[in-house]
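First the structure, in the form of structure tokens, and then the observations on it.
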Amino acid sequence: MGKSKFTLLSILAILFIGGCKSDQNGAADTDADFVIRLSKQVEQINPILFPSPFAREIYQYIFTPVAEIDPDNLELVPLLIKAINPLVTHEDGSYTLEAEILEEAKWDDGTPITGEDYVFMLKSILHPATDASSYKYMKEIINDVLVDETNPKKFTIVFDDFSMDMKESALTLELLPQHIYDPENITKTFTLRDLADTNKLAALTQDSIFMRFATEFNGPKFTREIISGSGPYEFVEWKENEAIILKRKENYWAKGRTEEMFQANPANIIFVIIPDETAAITQMAAGQVDLINSVTVNTYETFQDSATGSGKISWLNVQMPKYYVYLLNHKDKMLQDKNVRKALQAINNTDEYIKTFENGNATKLTSFVPSFLPGYNKDIKNIGGQLDLATKYLKAAGWEDTNANGTVDKVLDGKKEELKLQMLVSGDLSVKFGLLFKEQCAKAGIELDVVRKDFPLIRKENLSTRNFQIIPTLFSVELILENPFDAYHSSNLETSNLTSYASAEADSLINIITSVESDETRIATHKKLQEEIYDDAVMIYLYAPIDRIALSDKWEGKASLSRPGYRANTFTLSKN
């Protein structure tokens, strides 16, 4: 890709100049730099390994999915392929889906995108040693992929059985170029069927070359240094804790396409690291930053009137398909008892969170399906904010304050113990969550210790090992009926089921939801599962925030229901 021409001095120059350029006649055009504030350094840029909402702010301009859910009509629309073809049903009960990559679709280096790149994407996910835990479920959906021998752009996806959202799951993932991310062609030495065959996979894992692919794919080389895709912008430079720079492609294969994903208005998109939100807003008012996402309510209220009055900042507000939860570890001895989890559920008063942290402007949750998305069960009764009920649940679990010291206790393994729990927090908002929940827990006789720790360490040392009790986190959901398999099915206890929740009843409902072809049956069963999950207090649902996006009045653009709430590549310079 060549050594970047950008340096820290040039970044600062861009910021202080404001990034606006002009054509020969002096009229403002879209050949300008768009500066986006990030609160912290993103860990990785690889949509397969690190599909976090935070990283998506960057990689959405570099990598293109095969298809996407249109945020306006919630329909699946093609991007890299010519059309969304219907599923074909076969006599043996299997299904196939044919697809054809656009003839003109190319990678950063001009190499054509083919069906082999789709196969590579799946192999990268299903390789047992890659860190693609968010997508390992694909092994339950796709059986094989056949690339046309006469036309490498054509491929056929094979499904052994019907499953929920099989078409959406197969087509909404971003592709990576095989020839760049696997220069030794290691993934061409094994097939998708090999990865699904227990005996063949066991033999493969003894092969050092097979394992080396995963080691290199997981490493910094392909997550921080070599970052290459088919989107309208290419990766230029990563300056640790300072900035990440993307440059508009000069001869982009999709130039002229009308889809938002392919547009490229700003010349460069520059992500600058500014931890302090107030400082970021101040820099925006001075013309040095163009967009700040997820502005906190306090900062919004402080700067809304003055910023608007000065004509420097406009505000975009959008309900995002994401929500806050408290993960509860069902393997922990203090939280194994359902009654203890129900007590925490009853203690938690989400109204206080929304009032305190969102100025009353957010959507309260009782389910993993927000009320503004398909399939929401409106009949679930929220038991939060009822301390008397929490006390009843604690007594049912044997926890009472026998020594009148304010903390409930119980004899466990022959020893009296007090109910003391730990919440691991990282960001400023999660710290605030923890302190408020600590106050709520104290009223019910539970001592909550709030411990701050960097989230990468929490992920590595606590989440992956299930060595935790309570962790606040942010979940993102798709714009379709939520597939509950990853988060709640017991077959995922070691991977995506972060709470270690195991329930035969829930598994049975999930199996129906993910396999039945009747939409009516699926939706009805889905609502039953939502009730079951809430009754089991699997995790504590908080709320879905309304994102506040601060935008420099130099630019015009709109918010989007698609994550992360905006697409900077579509923004244009203001005509005012």
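The values are calculated or read from the model by the stated rules, or taken from the named source; none is laboratory data. This is a predicted model, so every value here is computed, not measured. Positions of Cβ are generated from backbone atoms using ideal geometry, with glycine treated the same way; all protein chains shown enter the neighbour counts. Heavy atoms of the whole protein, side chains included, go into the accessibility calculation; ligands, DNA and RNA do not. Shrake-Rupley method; radii C 1.70, N 1.55, O 1.52, S 1.80 Å.
Annotations
- Search result, residues across segment 398-410 that are closer than 16 Å to residue 441 by Cα and not in a loop (DSSP other than H, G, I, E, B): 400, 409
- Residue within segment 243-264 that is over 30 Å from residue 70 (Cα atoms) and either within 21 Å of the chain's Cα centre (by Cα) or of a type outside the set (Phe, Trp, Tyr) (or both) present: yes
- Test: residue in segment 354-363 that is open to solvent by less than 50 Å² (accessible area, probe 1.4 Å) and touching a Lys or Arg at 6+ places or on another chain (Cβ under 9 Å): yes
- Within segment 178-190, the set of residues being in a loop (DSSP other than H, G, I, E, B) and either in contact with a helix residue (DSSP H, G or I) (Cβ under 6 Å, 6 or more places away or on another chain) or more than 20 Å from residue 46 (Cβ to Cβ) (or both) comprises just one member, 190.
- Taking the conditions (1) open to solvent by less than 40 Å² (accessible area, probe 1.4 Å); (2) touching a Phe, Trp or Tyr at 6+ places or on another chain (Cβ under 9 Å); (3) farther than 28 Å from residue 202 by Cβ in turn, residue 108 satisfies each one other than (1).
- Total residues in segment 126-150 satisfying the condition of being open to solvent by 40 Å² or more (accessible area, probe 1.4 Å) and in a loop (DSSP other than H, G, I, E, B): the figure is 5.
- Residue tally, condition surrounded by fewer than 17 Cβ atoms within 10 Å (Cβ to Cβ) and β-branched (Val, Ile, Thr), over segment 424-462: 2
- Counting residues in segment 56-70 that are closer than 30 Å to residue 273 by Cβ, out of contact with any helix residue (DSSP H, G or I) (no Cβ under 8 Å at 6 or more places or on another chain) and either among the charged types (D, E, K, R) or open to solvent by 40 Å² or more (accessible area, probe 1.4 Å) (or both) gives one or more.
- Residues satisfying the stated conditions in segment 72-106, i.e. charged (D, E, K, R), outside any strand (DSSP E or B) and either under 19 Å from residue 153 (Cα atoms) or within 24 Å of the chain's Cα centre (by Cα) (or both): 72, 75, 82, 103, 104
- Looking only at segment 517-563, residues that are open to solvent by less than 20 Å² (accessible area, probe 1.4 Å), assigned to a loop (DSSP other than H, G, I, E, B) and over 30 Å from residue 331 (Cβ atoms) come to 2 in all.
- The residues of segment 364-386 that are open to solvent by 10 Å² or more (accessible area, probe 1.4 Å), among the hydrophobic types (A, V, I, L, M, F, W, C) and touching a strand residue (DSSP E or B) at 6+ places or on another chain (Cβ under 7 Å) amount to a single one, 372.
- Some residue of segment 475-491 being over 22 Å from residue 334 (Cα atoms), at pLDDT 95 or above, among the charged types (D, E, K, R) and assigned to a helix (DSSP H, G or I): no
- When the residues of segment 151-186 are filtered to those that are charged (D, E, K, R) and modelled with pLDDT of 95 or more, the one that is surrounded by the fewest Cβ atoms within 10 Å (Cβ to Cβ) is 184.
- Taking the listed residues 451, 431, the one that is outside any helix (DSSP H, G or I), more than 20 Å from the chain's Cα centre (by Cα) and under 23 Å from residue 43 (Cβ atoms) is 451, with no other qualifying.
- Only one of the numbered conditions (1) more than 20 Å from the chain's Cα centre (by Cα); (2) open to solvent by 60 Å² or more (accessible area, probe 1.4 Å) is violated by residue 490, and that is (2).
- Of all residues making up segment 47-71, the number that are in a loop (DSSP other than H, G, I, E, B) and small (Gly, Ala, Ser): 1
- Of residues in segment 494-515 being part of a loop (DSSP other than H, G, I, E, B) and without any contact (Cβ under 8 Å) to a residue 60 or more places away in the chain, the one nearest to the chain's Cα centre (by Cα): 497
- Near pairs, Cβ below 6 angstrom, 6+ apart or cross-chain, from segment 220-247 (closer than 20 Å to residue 274 by Cβ and touching a residue at least 40 places away in the same chain (Cβ under 8 Å)) to any residue that is open to solvent by less than 70 Å² (accessible area, probe 1.4 Å) and of a type in the set (Asp, Glu): 245/237
- Residue check, residue 439 in a loop (DSSP other than H, G, I, E, B), more than 21 Å from the chain's Cα centre (by Cα) and of a type in the set (Asp, Glu): no
- In segment 549-576, the residues that are in contact with a Ser or Thr (Cβ under 7 Å, 6 or more places away or on another chain) and more than 18 Å from residue 34 (Cα to Cα): 563
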